[in-house]
Amino acid sequence: MKLLEGKTAIITGASRGIGRGIAQLFAQHGANVAFTYSSSVEAANQLETELNTLGIKAKGYKSNAASFTEAQQLADAVLEEFGSIDVLVNNAGITKDNLLMRLSEADFDTVIEVNLKSVFNMTKAVQRTMLKQRKGSIINMSSVVGVKGNAGQTNYAASKAGIIGFSKSVALELGSRNIRSNVIAPGFIETEMTDKLDAEIVKGWRQAIPLKRGGTPEDIANACVFLASDMSAYITGQTLNVDGGMLT
Ligand SMILES: NC(=O)c1ccc[n+]([C@@H]2O[C@H](COP(=O)([O-])OP(=O)(O)OC[C@H]3O[C@@H](n4cnc5c(N)ncnc54)[C@H](OP(=O)(O)O)[C@@H]3O)[C@@H](O)[C@H]2O)c1
C-alpha cells in the first residue's frame, strides 16, 4: 500500500544517512521528493536519478539549511516546480562534539544554527503554503540526546532539545489549520555521522540497547512515512523515540 501518493515532501540533508533513507522510502510510497544537501553534489545527483526511476518526481537542491534566505528561496523553487508542499522533514544536522571546557563559541553557534535555526528557517518558509492548503505535516529530527542530554554534546543536545520545544509550539499554533508538527528522536542509528565514533564505544552501545542492535536509516524512515501520511492524521505535538528501547 502506497501511503504518500500525490504528496510533495521536502527533506533536508538527504544526500546520505537517515535523510537518504527517508527520501528513498517516501519515493517508494509514491511521494514526490524535493531534497537538499550541503556539499555532496555527486551523491545528490545519484539519488535524484535513483528516485526518478521510481515513477515519481524528484529533485535535489544545494541549500544551506542554516541560511534563512536560502530556505525561503528553496521553498519558492519547490512550490514553483512541484505545485504544493505537503510534508516537511527537517533532517539536516551536524555534530561538533567536545567537553564544555574545550567547546569553542564558534562550534556552539554553528551546531545551533545548522540543527535548530534551520528548523525555524524551513518551517517559516513553508508555513504560508501549508496555511493556504489547510494541511501539512512537519517532522523534525531530534535525538535521544535532546531528550536525555549527553556528556560532550552540550551544543548538540541543546539544539535537539530546542527542536522539541519549537515543534510543540508549532503544533499549538497551527493545529487549527490542520498543520501537524511532530518530532522523531532517533537513538543510535548507524550512518556516517556515527562512523566517526570509537569502535569499542559503539560495541558497548549496541549491548546496552534492549533490541541489541543499532538502528538503520530505514527504521527512522518507516516512522517518518507514518507521521507524513494520513495514518497519523490525529497525531500532533508528539515526540516519538525510535531507539530500540534505549531510553526505556
Ligand atoms: N545517526 C544517528 O545516530 C542519529 C541519532 C539521532 C539523531 N540523528 C539526527 O538525524 C539527522 C541525520 O543524521 P545522519 O546520521 O543521517 O547524518 P549524516 O550522515 O552526517 O548526514 C547529514 C546530512 O545533512 C546534510 N547537511 C549537513 N549540513 C547541512 C546544511 N547546513 N544544510 C543542508 N544540509 C546539510 C548533509 O549534506 P552533505 O552530504 O552535503 O554534507 C547530509 O545529507 C541529523 O539531524 C542528526 O542529528 C542522527
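Readers should treat all values here as calculations from the given coordinates under stated rules, not as data from a laboratory. Since we're looking at a predicted model, the values are computed, not measured. Neighbour counts are summed over all protein chains in view; Cβ atoms, including those assigned to glycine, are modelled from backbone coordinates with ideal geometry.
Numbers at a glance
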| read-out | value |
| --- | --- |
| Lys124 versus Ala208: modelled label distance in nm, points set 7 Å from Cα along the beta carbon direction | 3.7 nm |
| Dipole of the chain, positive direction: furthest Cα of Ile164, Gln72, Leu99, with charges on the beta-carbon | Ile164 |
| Net charge contributed by nearby residues that have their C-beta within less than 11 Å of Leu211 (K/R +1, D/E -1) | +1 |
| Distance between segment 227-242 and segment 190-212 - C-alpha centres, whole angstrom | 27 Å |
| Degrees separating the helix 199-208 axis from the principal Cα axis of the chain, which is the longest one | 80 degrees |
| Total formal charge among the other residues, if their Cβ is under 10 angstrom from that of Leu103, Lys/Arg +1 and Asp/Glu -1 | -1 |
| Residues whose placed amide H lies under 5 Å from that of Gly215, excluding near-sequence neighbours | Phe188, Ile189, Glu190 |
| Simple label model, 7 Å out from Cα along Cβ direction - Asp109 to Lys62, nm | 2.5 nm |
| DSSP bridge orientation in segment 5-130 - percent antiparallel, rounded to nearest 5 | 0 percent |
| Those residues of segment 220-248 whose amide nitrogen sits under 14 Å from the label point placed on Met1, 7 Å along Cα→Cβ | 226-227, 229-233 |
| Mean-position separation - Cα centroids, segment 10-65 and segment 87-127, in angstrom | 20 Å |
| Extension gain (nm, one decimal) between Met231 and Lys196, 0.36 nm per residue minus Cα-Cα | 9.0 nm |
| Mean projected area (nm²) of the alpha-carbon convex hull when the chain is viewed from all directions | 12.9 nm² |
| For segment 8-241, with +1 on Lys and Arg beta carbons and -1 on Asp and Glu, the positive-most of Leu240, Val144, Ala199 along the dipole | Leu240 |
| Cα centre as origin, Lys/Arg/Asp/Glu Cβ charges: segment 146-217 dipole, Debye | 300 debye |
| Debye, to nearest 20: dipole size of segment 8-241, +1 on Lys, Arg Cβ, -1 on Asp, Glu Cβ | 640 debye |
| Length released on extending from Leu100 to Leu172, taking residue separation times 0.36 nm less the Cα-Cα span | 22.6 nm |
| Over the chain: helical MRE at 222 nm, DSSP H runs n ≥ 4 each giving -39500 (n - 2.57), nearest 500 | -14000 deg cm²/dmol |
| Two-site label geometry, Glu50 and Lys148: point separation in nm, points 7 Å out along Cα→Cβ | 3.0 nm |
| Counted charge near Lys7, where neighbours are those whose Cβ lies closer than 11 Å (Asp, Glu -1; Lys, Arg +1) | -1 |
